[in-house]
Amino acid sequence: MQRVGVFVCWCGSNIAATVDVEKVAEVLAKEPGVVFSTNYQYMCSQAGQEMIQESIRKYNLTGVVICSCSPRMHENTFRKTCEKAGLNPYMVEIANIREQCSWIHKDKDTATEKAIILGRAAIAKVHLNAPLTAGTSPVKKRALVIGGGIAGIQTALDIADAGFDVDIVEKEPTIGGKMTQIDKTFPTLDCAACILTPKMVDAAQNERIHIYSYSEVSSVRGFVGNFKVTIKKKARFVDETKCTGCGLCTEKCPQKKVPNLFNLGLDNRRAIYIPFAQAVPKVATIDADYCTMLKSGKCGVCSKVCTAGAIDYQQKDAFIEQEYGAIVVATGFNPIKLDKYDEFAYSQSPDVVTSLEFERLMNAAGPTGGTLLRPSDGQHPHTIVFVQCVGSRCDDSKGKPYCSKICCMYTAKHAMLCREKYPDTDVYVFYIDVRTPGKNFDEFYRRAVEEYGVHYVKGMVGKVVPENGKLKVQASDLIGNQQLHIDADMVVLAAAIEPDKSARPLATMLTASMDTNDFFTEAHPKLRPVESPTAGIFLSGACQGPKDIPETVAQASAAAAKVIGLLNKDHLICNPCTATPDEMMCNGCSSCEKVCPYGAITYIDKEFRGPNRTTLIRRVAQVNPAVCQGCGACTVACPSGAMDLKGFSNKQIMAEVDAICR
Amino acid sequence: MPVNEEFKPTIVAFCCNWCSYAGADLSGTNRLQYPANVKIIRIPCSCRLNPMFILRAFQRGADGVILCGCHPGDCHYTTGNYYARRRMTLLFSMLDFLGIERERTRVEWVSAAEGAKFAATMNEFSATIHKLGPNRRLEDLRCRKD
Ligand SMILES: Cc1cc2nc3c(=O)[nH]c(=O)nc-3n(C[C@H](O)[C@H](O)[C@H](O)COP(=O)(O)OP(=O)(O)OC[C@H]3O[C@@H](n4cnc5c(N)ncnc54)[C@H](O)[C@@H]3O)c2cc1C
Ligand code: SF4
Ligand code: SF4
Ligand code: FES
């Protein structure tokens, strides 16, 4: 039995006015195991704390119950007090007799009676408390950023600035993400490359940043502060350390008919390529699907022209092991595929393009050198129809239920740029509503309508039919209440955006959670928007939800701040109130693992002594205390009652129930 | 059983640490009254509530048991209250089967900002239990102390 000390606080008159503190202390003194019970004006004051410490020593207390304000106020204070007197801090229980008693009751007898019962419950619980030690785990002072778009770059730059090493793993041959493909950016219309490429160069030149381009994460083990990650560096058949990025090979390669994915297939490139002039790293990559040398062993032109001797047809995938304290996911988004949207004739006519393709067609570094020309015949379009919300806010299986958020603004941008460059074009935008919440966003949209004369029509396009070199657009005008027929030269579809396809397998590796649309979920939708519920995993950019560049960058820096805060610590203190299975009772059923939101539970095969000196090997659950957050979901899921939670054990809670009900 | 005038129901309120316990604190800070027969037990999350605890409370003579947790989507551990809701639904049908009035157990979502809701909920729940009268069906007389 514990030797319990009870300390009833007056809280000035806050408690003492409605609770007879003396009586509470007196009655509780008679509870089993209570060896000392007293009351005092302010327990949390210096004098009060000293009194507690003295009593701990004098009466050899093994448990302390404090009847005072809410544990959310002073639990930590009193834990520290007791720890200083040599008592384990987890041998303290608080009975909340202020917020949940004296402040809500007026009648002194009733309040006193309730305070006694709350005190009893705390005493009953403290009898079952066990000393707990908050473990610590070391923090590896290096961060991993997965995805090298603007989000990943910004996060890496901020972390490196704070003095920590950071690696970026990017699956494409260059970092930069979608922003490298965009022409100008709303709402200021500055050119994307002008603001992005300096950051890419900064990242490349920063001593603390290492970029693994054309690489993927292939496995993740460990937990916060101590992740062990395997990075797969895909063979690019070019020695990165030797290649100078001169680009001679990309001109001489005889394999000319390779769709240029950077321009979304709007033109062709060679089998050996550098995605675009400002690529980082500026290193050539051989596309193994098209290289004749790799496919049939005949060619070798690039190797002959490369004066640096960088071509290596024998190169294999390389695997790199690295340890990290924190991981940031910045895998971004992609526009959805539009092959299910036959009504817009996307697959039938090259003049029906997506907005991202349109960005390339307007871009000075794009396939047409920045002159807007119809992909079918290279003519200037005179009538352009933009269709918003293609696949967004859909309740059918073709599209996405959510709003893609950025399309209203980039469509206004596209319409405006068209009218600015080619004032003789007629520009129509079909919309459900125009959503422009953002600094200077509505002003921007209104400029498109008022200054640039873009025809905004509320209504959806029903059908697009290619006919005699034109695109016949049938649409409804909901405000004019009429059907419209427009002969357009080009149709631009604002396709919904979705997370990268690689995000889901990555989330599984990281045990990070995702919503039904495969966007990563945050630890708390309001208060912890840049952390994943899994400790040590952070979220940056559009992988968490549709975002424009300003929002992406803000979140990227916020994620970096969280990472820096984590890496600044040498050790992490773990919450000691974690789950533990009773191995004798556990039958390895996996019920607990399925409900744990943090992936804290794994299984091991363990030897047990069987009858007649035999040994049995059984699969039993194991909880990683550094990962477990102590929610208790597993304890209830466990059908054999093997799983219990320290600090809130089944027995402790039932003792409280009994004390209250008796 | 006729409603006893002296009847003071025993009510156990399980509150998750992050929202509802804080909500209860807030109703105290704002001096919003609710009956003294409501006693709160703090649990880390609503998903820590084993339905067994509720049965135990009834066995020991509780007249009503209420579980309060964060609003759906707001659980500190993201999904805890969804588990809690599912488990409680199962418990409800079991209590129905045993012939225990459904109104004696309840789940409510109370956020840390909803001090007023906490007090109102407790007042209302306590009134309901008062109307139902003492719970004798599950009480285990051997556990009585008097
Ligand atoms: C047509 C169009 C026009 C736009 N115009 C504007 C505009 O004018 N103004 C504005 O503010 N915003 C605009 N945006 C939005 C802008 O593109 C995004 O806000 C921004 O690109 C988000 O950055 P990100 O880094 O989160 O994602 P991304 O740019 O998608 O970058 C993600 C990166 O991660 C990499 N990656 C993905 N998965 C993995 C993996 N598993 N492993 C390794 N690497 C991976 C990708 O290859 C990519 O490089 C526009 C978007 C579109 C589609
Ligand atoms: S208490 Fe919660 S976090 Fe810990 S192992 Fe159980 S389910 Fe996972
Ligand atoms: S649920 Fe219980 S019995 Fe099943 S594996 Fe987990 S601890 Fe073991
Ligand atoms: S923490 Fe409140 S319900 Fe989970």
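The values are calculated or read from the model by the stated rules, or taken from the named source; none is laboratory data. All values derive from a computational prediction rather than experimental measurement. Note: ideal-geometry Cβ built from the backbone for every residue, glycine included; neighbour counts use all protein chains shown. Just the protein is used for accessible areas: all its heavy atoms, side chains included, with ligands, DNA and RNA removed. Shrake-Rupley method; radii C 1.70, N 1.55, O 1.52, S 1.80 Å.
Could you tell me which of rounded, prolate or oblate describes the stretch B:1-73, using a ≥ b ≥ c as the square roots of the eigenvalues of the alpha-carbon gyration tensor, with rounded for a/c under 1.5 and, failing that, prolate when a/b is larger than b/c and oblate otherwise? Please list the in-between numbers first.
Numbers: a/c = 2.82, a/b = 1.29, b/c = 2.18.
It is oblate, given that a/c is not under 1.5 and a/b is not larger than b/c.
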Task: Using a Förster distance of 41 Å, the FRET efficiency for A:ASN268-A:SER219 (Cβ separation, nearest 0.05) - done: 0.70
Open item on the list: Given a 1.4 angstrom probe, what's the average accessible area per residue across chain A, in square angstrom?
Closed with: 43 Å²
Open item on the list: I'd like the orientation of helix A:441-450 relative to chain A: the angle between its Cα long axis and the longest Cα principal axis, in ° from 0 to 90, rounded to 10.
Closed with: 30 degrees
Task: Label-point gap, in nm, between A:ASP605 and A:GLU83 - each point 7 angstrom along Cα→Cβ - done: 4.1 nm
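Between A:LEU189 and A:ALA130, how high is the FRET efficiency from 1/(1 + (r/R0)^6) when r is the Cβ-Cβ distance and R₀ = 60 Å? Nearest 0.05. Provide the component values of the computation, followed by the final result.
Numbers: r = 65 Å, r/R0 = 1.08.
E(calc), rounded to 0.05, equals 0.40.
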Open item on the list: Please give me, ordered by residue number, the trypsin sites (Lys or Arg not before Pro) of the stretch A:225-295 that lie in loop per DSSP and have at most 10 other Cβ atoms within 10 Å.
Closed with: A:LYS256, A:LYS257
Task: Net dipole in debye of the stretch A:233-279 [+1 Lys, Arg Cβ; -1 Asp, Glu Cβ; about Cα centre; nearest 20] - done: 160 debye
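Checking an interface number: how much accessible area is buried between A and B, summed over both chains, with a 1.4 Å probe, in Å² rounded to 100?
Details: alone 30390 and 8230 Å², together 34660 Å².
What A and B bury together is about 4000 Å².
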Open item on the list: Between B:HIS71 and B:GLN33, what is the label-point separation in nm under the 7 Å Cα-to-beta-carbon projection?
Closed with: 2.9 nm
- [ ] Summarise the accessible area of the stretch A:94-246 (1.4 Å probe, protein heavy atoms) by the percent that is carbon and sulfur.
- [x] 49 percent
Open item on the list: Rounding to the nearest 10 and keeping the result within 0 to 90°, find how far the Cα-based axis of helix A:46-58 lies from the longest principal axis of chain A.
Closed with: 60 degrees
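With only Lys, Arg, Asp and Glu charged, each at its Cβ (+1 for the first two, -1 for the last two), find how big the charge dipole of the stretch B:11-133 is about the Cα centre; round to the nearest 20 debye.
Approximately 280 debye in magnitude.
How much length would be gained if the chain were fully extended between A:ALA561 and A:TYR422, taking 0.36 nm per residue of separation minus their Cα-Cα distance, in nm to one decimal? Please list the in-between numbers first.
Numbers: separation 139, 0.36 × 139 = 50.04 nm, distance 4.44 nm.
Stretched fully, the A:ALA561-A:TYR422 segment lengthens by 45.6 nm.
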- [ ] Quote the relative contact order of chain A in percent (integer), defining contacts as alpha-carbon pairs under 8 Å separated by 6+ residues.
- [x] 13 percent
Open item on the list: Quick check on the stretch A:139-275: what are the equivalent-ellipsoid semi-axes from the Cα gyration tensor, as sqrt(5λ), descending, whole Å?
Closed with: 28, 21, 14
TODO: Starting from the Cα of A:GLN483, step 7 Å along the direction of its Cβ; do the same at A:ASN568; then give the gap between the two resulting points in nm.
DONE: 6.6 nm
- [ ] Using only alpha carbon pairs under 8 Å that are at least six residues apart, calculate the relative contact order of the stretch A:55-169 and give it in whole percent.
- [x] 22 percent
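Any chance you could run the full-extension gain for A:LEU373 through A:LEU527? It's 0.36 nm times the residue separation minus the Cα-Cα distance, nm to one decimal. Show your work: numbers first, answer last.
Numbers: separation 154, 0.36 × 154 = 55.44 nm, distance 4.73 nm.
Full extension of this stretch gives 50.7 nm more.
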Open item on the list: Can you list residues from other chains, or at least 5 along the same chain, whose modelled amide H is less than 5 Å from the amide H of A:VAL352?
Closed with: A:VAL491
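Work out the FRET efficiency for A:LYS295 and A:ILE320 from their Cβ-Cβ distance, taking R0 = 22 Å, and round it to the nearest 0.05. Provide the component values of the computation, followed by the final result.
On the way: r = 28 Å, r/R0 = 1.25.
The formula returns an efficiency of 0.20 here.
Just checking the output field for B:68-78: average partner chain Cβ neighbours within 10 Å of each residue's Cβ? Spell out each step's value before the answer.
On the way: counts 0, 0, 1, 0, 0, 3, 4, 5, 7, 11, 12.
Neighbouring Cβ atoms belonging to other protein chains average 4 per residue here.
Pull out a ≥ b ≥ c, the square roots of the eigenvalues of the alpha-carbon gyration tensor of the stretch B:11-133, then state rounded if a/c is under 1.5, prolate if not and a/b is larger than b/c, and oblate in the remaining case. It would help to have the intermediate numbers written out before the result.
Details: a/c = 1.96, a/b = 1.15, b/c = 1.71.
The shape class here is oblate.
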- [ ] Pull out a ≥ b ≥ c, the square roots of the eigenvalues of the alpha-carbon gyration tensor of the stretch A:248-305, then state rounded if a/c is under 1.5, prolate if not and a/b is larger than b/c, and oblate in the remaining case.
- [x] oblate
- [ ] State the answer as a single residue: which of A:THR292, A:LEU266, A:ALA279 lies farthest towards the positive end of the charge dipole of the stretch A:248-305, with beta carbon charges of +1 for Lys and Arg and -1 for Asp and Glu, about the Cα centre.
- [x] A:THR292
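By the scheme Lys and Arg +1, Asp and Glu -1, what is the net charge of all other residues having a beta-carbon under 13 Å from that of A:ASN96?
Its environment carries a net charge of +1.
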Task: Positive minus negative residues near A:ASP570 (Lys, Arg vs Asp, Glu; Cβ under 11 Å) - done: +3
- [ ] Would you mind checking the tilt of helix A:650-661 against the longest principal axis of the Cα atoms of chain A, expressed as 0 to 90 degrees and rounded to 10?
- [x] 60 degrees
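Report, for the protein assembly as shown, the % of DSSP beta bridges that are antiparallel, rounded to 5. Please list the in-between numbers first.
Working: 56 of 121 bridges.
In the protein assembly as shown, approximately 45 percent of DSSP beta bridges are antiparallel ones.
Could you please report the charge total around A:ARG3, scoring K, R as +1 and D, E as -1 over all other residues with beta-carbon less than 13 angstrom from its beta-carbon? Provide the component values of the computation, followed by the final result.
On the way: positive: A:ARG57, A:LYS58; negative: A:GLU31.
So the surrounding residues net to +1.
Calculated from DSSP H runs of 4 or more alone, at -39500 (n - 2.57) each and per residue, what is the 222 nm mean residue ellipticity of chain A, nearest 500? Please report the intermediate quantities before stating the final value.
Values: 17 runs with 178 residues, N = 662.
Mean residue ellipticity at 222 nm (helix-derived): -8000 deg cm²/dmol.
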